[in-house]
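What follows is one structure encoded as structure tokens, with my remarks underneath.
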Amino acid sequence: ATPTALLVGTGRGAQLGILIKGPEVLESTRRVDTVVLDKTGTVTAGRMTLVDVLPAEGVDERELLRLAGAVEDASAHPIARAVAQAARDRVGPLPAVEGFQSTDGRGVAGVVDGSAVVVGRRAWLAEQWAQHAPDLLVAAAEDAEGDGRTPVWVGWDGALRGVLVVSDTVKPSSRSAIDRLRSLGLRPMLLTGDNERAARAVAAQVGIPAQDVVAEVLPTDKADVVRRLQAEGRVVAMVGDGVNDAAALAAADLGLAMGTGTDAAIEAADLTLVSGDLATAPDAIRLARRTLATIK
Ligand code: ADP
Ligand code: MG
């Protein structure tokens with residue numbers, strides 16, 4: 001490959017809103033056959049809103065929001081921002097939290113008004129308390145998941161107290177971007193820490209079949225999913241935005257970061273899609289192929 005053509009490709013990339021770490025990156029793009037897409041913030045907007053409050057029997061709805069909101073107020077997670085904002089809008093100023101703790105990919109905990117409050121995924125709350133989740137709440141949470149939403153479980157003082165449902169929206173350009181990746185001969189897959197049902201519902205909206213969805217993956221395990229695909233002989237591009245995507249972006253044959261994402265993701269990636277628009281992912285792959293075709 002002549003360096004000049006690669007440099008021209010790099011310059012063309014900049015015009016398309018694609019920042020390329022070095023000319024050699026274009027070379028590794030050629031053989032990519034699988035594109036692993038992070039869900040939250042990559043395929044979806046990553047801006048969650050609270051859409052439902054489901055208190056357990058005997059629990060006051062405002063108290064549920066107030067205590068959960070107070071703990072989430074200390075977290076920067078998109079779910080946390082949605083919960084804290086909605087709580088403040090609906091119940092006013094939030095009480096202080098003591099002993100705040102955040103567990104990646106699981107949830108948050110802290111003491112509010114003397115109560116030990118835990119907010120996060122159901123399995124994580126279940127690990128801490130053996131208590132059986134009320135059937136009605138489980139059914140409502142599963143319904144929400146089926147619609148692509150994320151239920152967040154809330155408990156305090158050793159008991160489940162309710163579910164808050166947050167929702168994100170698929171970015172308008174995601175579906176066509178994924179169609180274009182497929183027409184370039186690539187296999188798009190969806191990877192997320194979110195629950196299986198919500199992940200499948202989002203996948204269905206963008207045309208990714210259920211068998212190509214990998215859900216409930218802890219942040220520390222995302223890179224392993226990439227390595228497993230590589231071990232099967234796949235050449236993997238990964239597209240992500242979060243701190244929890246950085247290791248997977250580095251492990252991938254080609255890492256693409258959303259320019260709207262975290263510094264950790266951008267540093268770990270080979271390419272940055274400046275606008276954070278997934279539509280530039282197929283552009284990047286076409287550009288690399290064309291540049292290399294020119295050289296041949
Ligand atoms: P993603 O891979 O979609 O970016 P994460 O790994 O950040 O997701 O989180 C996975 C799951 O862990 C979330 O869907 C949620 O159920 C739970 N979770 C993580 N952080 C929080 C939080 N601050 N509040 C409530 N739930 C959380
Ligand atoms: Mg993300």
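None of the figures in this text is laboratory data; all of them are computed from the coordinates on show. None of the values given here were measured: they were computed from a predicted structure. Cβ: placed from backbone, ideal geometry, glycine included. Neighbour counts: every protein chain shown.
Helix 61-72 versus the longest principal axis of the chain: what angle, 0 to 90°, nearest 10, using Cα atoms?
50
Going by average Cβ density within 10 Å per residue, which order do the peptides 80-90, 269-279, 226-236 take, highest to lowest?
In decreasing order of mean packing, 80-90, 269-279, 226-236 become 269-279, 80-90, 226-236.
About the Cα centre of the chain, how large is the charge dipole given +1 on each Lys and Arg Cβ and -1 on each Asp and Glu Cβ? Please answer in debye to the nearest 20.
Dipole size: approximately 1460 debye.
I'd like the orientation of helix 135-146 relative to the chain: the angle between its Cα long axis and the longest Cα principal axis, in ° from 0 to 90, rounded to 10.
Taking Cα atoms only, the helix is inclined about 20 degrees.
Normalise the Debye intensity by I(0) for the stretch 49-167, one equal point scatterer per Cα, no solvent, then take log10 at q = 0.10, 0.13, 0.22 Å⁻¹ and round to two decimals.
These q points yield log10 I(q)/I(0) values of -0.24, -0.41, -1.33.
Using only the alpha-carbon atoms, what does the chain span along each of its principal axes? Please give whole angstrom values in decreasing order.
71, 34, 31
Taking the Cα centre of the stretch 49-167 as origin, work out the dipole magnitude from +1 charges on Lys and Arg Cβ and -1 charges on Asp and Glu Cβ, in debye rounded to 20.
280
What residue among 36, 116, 199 has its Cα farthest toward the positive end of the dipole of the chain, where the charges are +1 on Lys, Arg and -1 on Asp, Glu, each on the Cβ?
With unit charges placed on the Cβ atoms, the residue in question is 36.
Which percent of Cα-Cα pairs in the stretch 26-85 sits in each 10 Å bin, short to long?
19, 33, 21, 13, 9, 4, 0
If the cut-off is a Cα-Cα distance under 20 Å, which aspartates and glutamates reach residue 171, setting aside same-chain residues fewer than 8 apart in sequence?
Candidates past the 8-residue exclusion: 38, 145, 147, 179, 194, 196, 212, 241, 245, 277, 283.
Tell me, how many Å apart are the Cα centres for the stretch 86-110 and for the stretch 135-199?
Cα centroid to Cα centroid, the span is 21 Å.
Using θ = phi - 60° and the Karplus curve 6.51 cos²θ - 1.76 cosθ + 1.60, what whole-Hz ³J(HN,Hα) does each residue of the stretch 239-246 get, with Gly and Pro shown as x?
10, x, 9, x, 4, 6, 9, 4
Tell me the mean residue ellipticity at 222 nm calculated for the chain from its helices only (DSSP H runs of n ≥ 4, each -39500 (n - 2.57), averaged over every residue, nearest 500).
-12500 deg cm²/dmol
Rounded to the nearest Å, what's the spacing between the alpha carbon centres of the stretch 231-296 and the stretch 1-63? Just the number, please.
Cα centroid of the stretch 231-296 versus Cα centroid of the stretch 1-63: 7 Å apart.
Can you give the FRET efficiency for residue 175 and residue 30, using 1/(1 + (r/R0)^6), R0 = 35 Å, r = Cβ-Cβ distance, to the nearest 0.05?
My answer for the efficiency is 0.85.
Collect residues whose amide H, placed 1.01 Å from N in the peptide plane, falls under 5 Å from the amide H of residue 116; neighbours closer than 5 in sequence don't count.
Here 157 satisfy the definition.
Have a look at the stretch 71-119 and give its Rg and Dmax from the Cα atoms, expressed in angstrom.
Calculated on Cα positions, Rg and Dmax stand at 10.3, 28 Å.
Determine ³J(HN,Hα), in whole Hz, for all residues of the stretch 37-44 in sequence, where each value follows from phi through the Karplus function 6.51 cos²θ - 1.76 cosθ + 1.60 and θ = phi - 60°; x replaces Gly and Pro.
Going residue by residue, I get 10, 5, 7, 6, x, 10, 7, 9 Hz, with x marking Gly and Pro.
Positive end of the dipole of the stretch 127-200, charges at C-beta (+1 Lys, Arg; -1 Asp, Glu), about the Cα centre: which of 144, 170, 181 has its Cα farthest in that direction?
Ranked along the dipole, the leading option is 181.
Taking each pair of distinct Cα atoms in the stretch 189-288 once, what is the resulting Kirkwood hydrodynamic radius in Å?
13.7
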